[in-house]
Amino acid sequence: MPEQYAIEMRGITKTFGSVVANNNINLNLRQGEILALLGENGSGKTTLMNMLSGIYAPDAGEILIDGQPVTITSPEDSKRLGVGMVHQHFKLVDVFSAADNIWMGREKSGFALKGQRYGEIEEMAKKFGFDIDPRKKVCNMAVSEKQTLEIIKVLYYGAKVIILDEPTAVLTVQEIEKLFNVLRRMKQEGHSIIIITHKLNEVMEISDRVAILRKGEYITTVNTAETNEQELTEWMVGRKIDLNIARPEVETTRPLLEIRDLTIKNDEGAVAIDKVSFYIRGGEILGVAGIAGCGQKELCEAIAGLRPVQSGLMIHKGDNIVGLPPKAILEKGISMSFIPEDRLGMGLAPSLSITDNMILKNYADAPGPFVDRKSGRADAQRVIEELEVVTPSTETPVRRLSGGNVQKVLLGREIKAGPNVIVTAYPVRGLDINSSYAIYDILNKQKRDGVGILFVGEDLDVMLALCDKIMVLCHGRVMGVVHAHKTSKEELGLMMTGALDLTDKYEDKPAGIARDTNITEEHLNAANKEGEN
């Protein structure tokens with residue numbers, strides 16, 4: 001007798017115009033198992049899952065749930081059939097509480113919200129080992145809490161099949177372990193789970209089987225216990241890839257930029273960065289590790305001149321550049337490139353073409369009233385060829401590119417400017433392994449050219465392999481700056497939670513610039529006083 005699956009997708013095809021996103025895909029999910037879905041950016045993973053969750057309808061093929069053919073044309077159909085999806089970008093209302101975000105999806109709930117909703121949701125959370133306050137507003141939640149809320153939401157509506165799209169992309173090591181424990185408990189309760197992810201170490205740790213897609217085609221499904229990371233990579237990419245991240249030895253130069261006693265506030269007016277001091281040397285990658293929301297975003301924006309500084313100094317060639325706009329910083333001789341974590345919202349204009357995005361950075365420097373699109377198109381073509389950007393043409397809007405290709409366009413534009421300092425936040429977040437290694441190679445090339453790089457990351461394994469030194473933040477304060485080859489994930493994790501403070505053991509304190517600059521303690525005190533006022 002053939003095995004009855006929780007989900008079976010047979011011959012699924014989905015096209016968008018001339019683009020074939022999924023071509024004759026066959027996929028099955030067993031009862032009570034965790035299935036990892038692997039593939040490069042643009043391989044069709046999310047499109048396939050969006051057909052299960054009712055966002056798209058397949059052009060061909062059929063879907064079976066518990067052995068019965070079903071028709072899914074909307075998220076309501078999907079919910080009714082017991083399928084729930086937690087998207088990479090959360091679908092929550094910020095001004096509502098956790099309970100109200102869940103309760104508002106009830107059919108015929110009316111205008112009155114019942115008082116017992118808090119108790120109901122709290123009870124469900126405890127059943128699966130979640131820790132969440134049902135009265136807390138989403139706008140006050142950490143990323144891990146929002147993800148927890150999304151999972152509770154699909155469970156509340158009776159989902160027996162749960163799809164998680166990049167669930168660990170913004171979680172710390174400790175939060176990932178906590179999530180995995182919850183998923184194991186859900187599996188024991190009989191739930192079937194599909195995880196879309198790029199992190200091979202997590203695939204090996206949590207999944208029972210692995211299904212691989214490549215360029216919209218189904219490749220194979222294997223038992224996790226019978227494979228390894230190298231084999232999975234070869235199936236994903238179609239060729240061998242060296243999984244070792246290079247850390248070239250480069251003779252470092254004097255510090256290009258020193259940050260001294262910097263204090264910054266976040267958008268709510270609370271202190272995000274508290275008297276932080278460090279420096280960036282040429283030919284060195286300085287990593288910044290910390291739990292999500294501990295000030296990394298504010299630090300990067302302040303260095304780039306996009307966020308006001310409350311007090312402290314940013315010293316370049318003896319001058320304090322605090323308070324200067326990006327153009328004035330450039331005129332001071334420090335060519336800085338900022339690659340933000342929000343690559344489409346803040347880094348690029350999504351509706352504009354690759355060519356137009358190339359022009360954005362320097363269109364104001366054109367000698368006449370007309371924009372020089374010819375040189376912009378040439379720059380776009382050069383980036384496409386050098387970084388192997390997959391795109392129909394230079395005139396394609398960047399919002400139509402996969403995540404990895406969007407990031408390559410952003411990096412290519414910023415590097416084209418010839419920076420001597422690069423500030424980059426989560427440059428490989430959500431990227432497949434092939435795109436990620438391409439980004440590491442680009443950063444290492446810049447390092448060899450003498451560029452100083454501030455690398456804000458979330459994957460500690462990557463940071464230990466790629467960075468020369470790692471600065472750890474906890475609640476906006478520096479817990480220490482350690483040499484990557486002399487520390488461990490466990491030590492970094494303890495520092496990130498504040499359980500270990502190595503600030504007194506930092507062997508290379510940022511005092512080098514002070515001896516040969518015009519900045520004195522009087523300047524520092526004056527800057528602090530100005531910030532207080």
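Numbers below:
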{"quantity": "Of residues in segment 66-88 being of a type in the set (A, V, I, L, M) and under 13 Å from Ile196 (Cα atoms), the one modelled with the lowest pLDDT", "calculated": "Val86"}
{"quantity": "Selection status of Ile329, farther than 21 Å from Arg477 by Cα, at pLDDT below 85 and surrounded by 18 or more Cβ atoms within 10 Å (Cβ to Cβ)", "calculated": "yes"}
{"quantity": "Restricting segment 382-418 to residues that are within 23 Å of the chain's Cα centre (by Cα) and among the acidic types (Asp, Glu), the residue that is surrounded by the most Cβ atoms within 10 Å (Cβ to Cβ)", "calculated": "Glu414"}
{"quantity": "Single condition Val322 does not satisfy, out of (1) within 30 Å of Met141 (Cβ to Cβ); (2) not in a strand (DSSP E or B); (3) not basic (Lys, Arg)", "calculated": "(1)"}
{"quantity": "Given (1) in the same structural domain as Met49 (by TED's automatic domain parsing); (2) aliphatic (A, V, I, L, M); (3) part of a loop (DSSP other than H, G, I, E, B), index of the condition Ala246 fails", "calculated": "(1)"}
{"quantity": "Of all residues making up segment 490-517, the number that are modelled with pLDDT of 85 or more and under 21 Å from Glu284 (Cβ atoms)", "calculated": "4"}
{"quantity": "Residue within segment 347-356 that is part of a loop (DSSP other than H, G, I, E, B), at positive phi, at pLDDT 80 or above and surrounded by 21 or more Cβ atoms within 10 Å (Cβ to Cβ) present", "calculated": "no"}
{"quantity": "Selected residue (only one of Leu286, Leu262, Leu257 is within 19 Å of Ile303 (Cα to Cα) and modelled with pLDDT under 90)", "calculated": "Leu257"}
{"quantity": "Residues satisfying the stated conditions in segment 44-92, i.e. of a type in the set (Lys, Arg) and surrounded by 14 or more Cβ atoms within 10 Å (Cβ to Cβ)", "calculated": "Lys45, Lys79, Arg80"}
{"quantity": "Contacts under 9 angstrom Cβ, first residue in segment 253-270 being under 11 Å from Lys317 (Cα atoms) and assigned to a strand (DSSP E or B), partner at pLDDT 85 or above and among the aromatic types (Phe, Trp, Tyr), 6 or more apart", "calculated": "Pro255/Tyr279; Leu256/Tyr279; Leu257/Tyr279; Glu258/Phe278; Glu258/Tyr279"}
{"quantity": "Matching residues in segment 1-40 - criterion: being surrounded by 22 or more Cβ atoms within 10 Å (Cβ to Cβ) and either of a type outside the set (A, V, I, L, M) or without any contact (Cβ under 8 Å) to a residue 12 or more places away in the chain (or both)", "calculated": "Lys14, Asn22, Gly39, Glu40"}
{"quantity": "Failed criterion for Ile291 (all others in (1) part of a loop (DSSP other than H, G, I, E, B); (2) without any contact (Cβ under 8 Å) to a residue 40 or more places away in the chain; (3) surrounded by 19 or more Cβ atoms within 10 Å (Cβ to Cβ) hold)", "calculated": "(2)"}
{"quantity": "Boolean, Met186 is more than 23 Å from Ile65 (Cβ to Cβ) and outside any strand (DSSP E or B)", "calculated": "no"}
{"quantity": "Residue match in segment 337-344 (condition: surrounded by 15 or more Cβ atoms within 10 Å (Cβ to Cβ), over 23 Å from the mean Cα position of the chain (by Cα), in a loop (DSSP other than H, G, I, E, B) and at pLDDT below 85)", "calculated": "no"}
{"quantity": "Some residue of segment 271-288 being without any contact (Cβ under 8 Å) to a residue 24 or more places away in the chain and farther than 25 Å from Thr487 by Cα", "calculated": "no"}
{"quantity": "Selection status of Thr424, surrounded by 24 or more Cβ atoms within 10 Å (Cβ to Cβ) and at pLDDT 85 or above", "calculated": "yes"}
{"quantity": "Residue count, segment 382-415 (criterion: more than 25 Å from Tyr426 (Cα to Cα) and not small (Gly, Ala, Ser))", "calculated": "3"}
{"quantity": "Pick from segment 432-450, criterion within 26 Å of Cys294 (Cα to Cα) and among the aliphatic types (A, V, I, L, M), ranking: nearest to the chain's Cα centre (by Cα)", "calculated": "Ile439"}
{"quantity": "Exclusive hit being of a type outside the set (Ser, Thr, Tyr) and either within 18 Å of Val451 (Cβ to Cβ) or touching a Phe, Trp or Tyr at 6+ places or on another chain (Cβ under 8 Å) (or both), set Arg239, Arg247", "calculated": "Arg247"}
{"quantity": "Tally, over segment 213-231, of residues that are within 25 Å of Thr13 (Cβ to Cβ) and either in contact (Cβ under 8 Å) with a residue 60 or more places away in the chain or of a type in the set (Phe, Trp, Tyr) (or both)", "calculated": "7"}
{"quantity": "Top-ranked residue in segment 357-367 [being modelled with pLDDT of 80 or more and not polar (S, T, N, Q); ranked as farthest from the chain's Cα centre (by Cα)]", "calculated": "Ile359"}
{"quantity": "Condition met for Lys317 (surrounded by 15 or more Cβ atoms within 10 Å (Cβ to Cβ), closer than 30 Å to Asn266 by Cα, in contact (Cβ under 8 Å) with a residue 12 or more places away in the chain and not hydrophobic (A, V, I, L, M, F, W, C))", "calculated": "no"}
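Yes or no, residue by residue, for (1) in a strand (DSSP E or B); (2) within 28 Å of the chain's Cα centre (by Cα); (3) within 23 Å of Ile206 (Cβ to Cβ); (4) of a type outside the set (A, V, I, L, M):
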site: Met9; (1), (2), (3), (4): yes, no, yes, no
site: Thr13; (1), (2), (3), (4): yes, no, no, yes
site: Gln31; (1), (2), (3), (4): no, no, yes, yes
site: Leu35; (1), (2), (3), (4): yes, yes, yes, no
site: Gly61; (1), (2), (3), (4): yes, no, no, yes
site: Glu76; (1), (2), (3), (4): no, no, no, yes
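Yes or no, residue by residue, for (1) of a type in the set (D, E, K, R); (2) surrounded by 20 or more Cβ atoms within 10 Å (Cβ to Cβ):
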| position | (1), (2) |
| --- | --- |
| Met236 | no, yes |
| Arg239 | yes, no |
| Val250 | no, no |
| Leu256 | no, yes |
| Asp274 | yes, no |
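Each row is one residue, and each column tells you yes or no for (1) assigned to a helix (DSSP H, G or I); (2) within 29 Å of Met9 (Cα to Cα); (3) aromatic (Phe, Trp, Tyr); (4) modelled with pLDDT under 90.
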site: Pro58; (1), (2), (3), (4): no, yes, no, no
site: Leu64; (1), (2), (3), (4): no, yes, no, no
site: Val93; (1), (2), (3), (4): no, no, no, yes
site: Asn101; (1), (2), (3), (4): yes, no, no, yes
site: Lys108; (1), (2), (3), (4): no, no, no, yes
site: Lys114; (1), (2), (3), (4): no, no, no, yes
site: Glu123; (1), (2), (3), (4): yes, no, no, yes
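The values are calculated or read from the model by the stated rules, or taken from the named source; none is laboratory data. Note that the structure is predicted; figures quoted are calculated from it, not measured. So basically every Cβ, Gly included, is an ideal-geometry build from the backbone, and we count neighbours across all protein chains shown.
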